[in-house]
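Have a look at the structure below before the remarks.
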Amino acid sequence: MGKLILQNVGLVLEGGGMRGAYTAGVLDAFMDEKIKTSYVIGVSAGANNGADFMSEQRDRNKKVFVDVVKDPRHSGIWNLLREGSYFGMDFIFNTVANELIPFDYDTFYNSPTTFKVCTTNCKTGEAVYFSHRDFEPKYFAQKILRASCSLPMISSPVEIGEHTYLDGGLVDPIPIKKSIQDGNSYNIVILTRNKGYKKKPSKFNFITKIFLHKYPEIVKVLKNRYKKYNDCMDEINKLEKEGSVYVFRPQKELSVNRLEKDIKKLNDLYEQGYHEAIHQMDDFKNWLDSVQKRGTLQQT
């Protein structure tokens, strides 16, 4: 059986820090089932998962989200003091990508799939979407992907051209509307939260103002972030009921947080993502059949 190339079907990947291990498992199941889409859009950890999906490197996400976490250079307070980021960005986007678990830049760049990554402009507080074909692949991986997962206060903003950027999840946590705007009538959404999750208002508004005094628009964004997320989830739930969206989300209750360092928990979450996706595969393919009847599915 050849690869299933889904035309006019978007693959939308939520972030969530180390909860991205779940998405890694789902995407490895997709690779085993030879399922691909003509469009992928991700934010934060979802964008990094999407990049490995584009480069067709099965298991690489698992290694990045699970195996290398035990390395002290991966995350911790020492990184925050040394380079201004809790996560060792230089380690992840340079040492890991170029030495320990080499990223296939050529396959990534030459993929026929459209790949977009959401970031937040620090000056305007608005979402900015970058396409992988607009940049040299190493620059895209080391700058765009890094910016998309740079959370304020635990990561430094990333300079791209004349502007600085932070995590895209601040303003567009699950970029389903962008995918629809780009022409995808149907979408596959991979979430990293259990069904029914609602984000609550931040309790750290005063601290945020102090740390981010140079970026007043980001302070405003953080204050309203919970509303953006909850509104986005309401829209996805609506589209799911209508049949234009198929959602993969953790079925078992999550025990992994955004900054998780427990290797066993992360490996369990990866395995959960993989096995839950395989368990849903018949239902998912039935949905694909309904999409095919509308002329959007091509098999090669």
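The values are calculated or read from the model by the stated rules, or taken from the named source; none is laboratory data. Bear in mind the structure is a predicted one, so any value in this text is a computation, not a measurement. Cβ sites come from the backbone with ideal geometry, for glycine too, and all protein chains shown count toward neighbours. Side chains included, ligands, DNA and RNA excluded: accessible areas come from the protein's heavy atoms. Shrake-Rupley method; radii C 1.70, N 1.55, O 1.52, S 1.80 Å.
Hey, could you check region 75-102 for residues that are at pLDDT 90 or above and assigned to a loop (DSSP other than H, G, I, E, B) and say which is least open to solvent (accessible area, probe 1.4 Å)?
Applying the filter and picking the extreme gives 101.
Here is a check on your reading of the model: is residue 269 touching a helix residue (DSSP H, G or I) at 6+ places or on another chain (Cβ under 9 Å), aliphatic (A, V, I, L, M) and in a loop (DSSP other than H, G, I, E, B)?
Numbers: touching a helix residue (DSSP H, G or I) at 6+ places or on another chain (Cβ under 9 Å): yes; aliphatic (A, V, I, L, M): yes; in a loop (DSSP other than H, G, I, E, B): no.
The answer is no for residue 269.
Test residue 227 against the stated conditions and say whether it is free of Cβ contacts under 8 Å to residues at least 12 places away in the same chain and among the charged types (D, E, K, R). Outline the logic, then answer.
Numbers: free of Cβ contacts under 8 Å to residues at least 12 places away in the same chain: yes; among the charged types (D, E, K, R): yes.
Spelling it out, residue 227 is indeed free of Cβ contacts under 8 Å to residues at least 12 places away in the same chain and among the charged types (D, E, K, R).
Can you pull out every residue in region 154-168 that is open to solvent by less than 40 Å² (accessible area, probe 1.4 Å) and closer than 26 Å to residue 106 by Cβ?
158, 160, 165, 168, listed by residue number.
Count, please, the residues in region 197-216 that happen to be open to solvent by less than 80 Å² (accessible area, probe 1.4 Å) and at pLDDT below 90. Even if it seems obvious, please write down each step before you answer.
Within region 197-216, the first condition is being open to solvent by less than 80 Å² (accessible area, probe 1.4 Å), and the residues that meet it are 197, 199, 201-202, 205, 207-208, 212, 215-216.
From what's left, at pLDDT below 90: 201-202, 205, 207-208, 212, 215-216.
Result for region 197-216: 8.
So, in region 118-153, of the ones that are among the hydroxyl-bearing types (Ser, Thr, Tyr) and within 20 Å of residue 17 (Cα to Cα), which residue ends up surrounded by the most Cβ atoms within 10 Å (Cβ to Cβ)? Give the derivation first.
From region 118-153, those among the hydroxyl-bearing types (Ser, Thr, Tyr) are 119-120, 124, 129, 131, 139, 148, 150; that's our starting set.
Restricting the remaining residues to those that are within 20 Å of residue 17 (Cα to Cα) gives 119-120, 129, 148, 150.
Numbers: 119: 34, 120: 28, 129: 18, 148: 30, 150: 25.
By that ranking, first place goes to 119.
So, of the residues in region 253-284 that are modelled with pLDDT under 95 and charged (D, E, K, R), which turns out to be nearest to residue 69 (Cα to Cα)?
Top of the filtered list is 261.
Among (1) more than 27 Å from residue 72 (Cα to Cα); (2) open to solvent by 70 Å² or more (accessible area, probe 1.4 Å); (3) among the hydroxyl-bearing types (Ser, Thr, Tyr), where does residue 255 come up short?
(1)
Among the numbered criteria (1) buried (at least 19 other Cβ atoms within 10 Å of the Cβ); (2) at negative phi; (3) among the hydroxyl-bearing types (Ser, Thr, Tyr), which single criterion is violated by residue 44?
Residue 44 satisfies every listed condition except (2).
Let me spell it out: the conditions are (1) open to solvent by 40 Å² or more (accessible area, probe 1.4 Å); (2) of a type in the set (Phe, Trp, Tyr); (3) part of a helix (DSSP H, G or I), and residue 229 meets all of them except one. Which number is the exception?
Going through (1) open to solvent by 40 Å² or more (accessible area, probe 1.4 Å); (2) of a type in the set (Phe, Trp, Tyr); (3) part of a helix (DSSP H, G or I) one by one, residue 229 breaks only (1).
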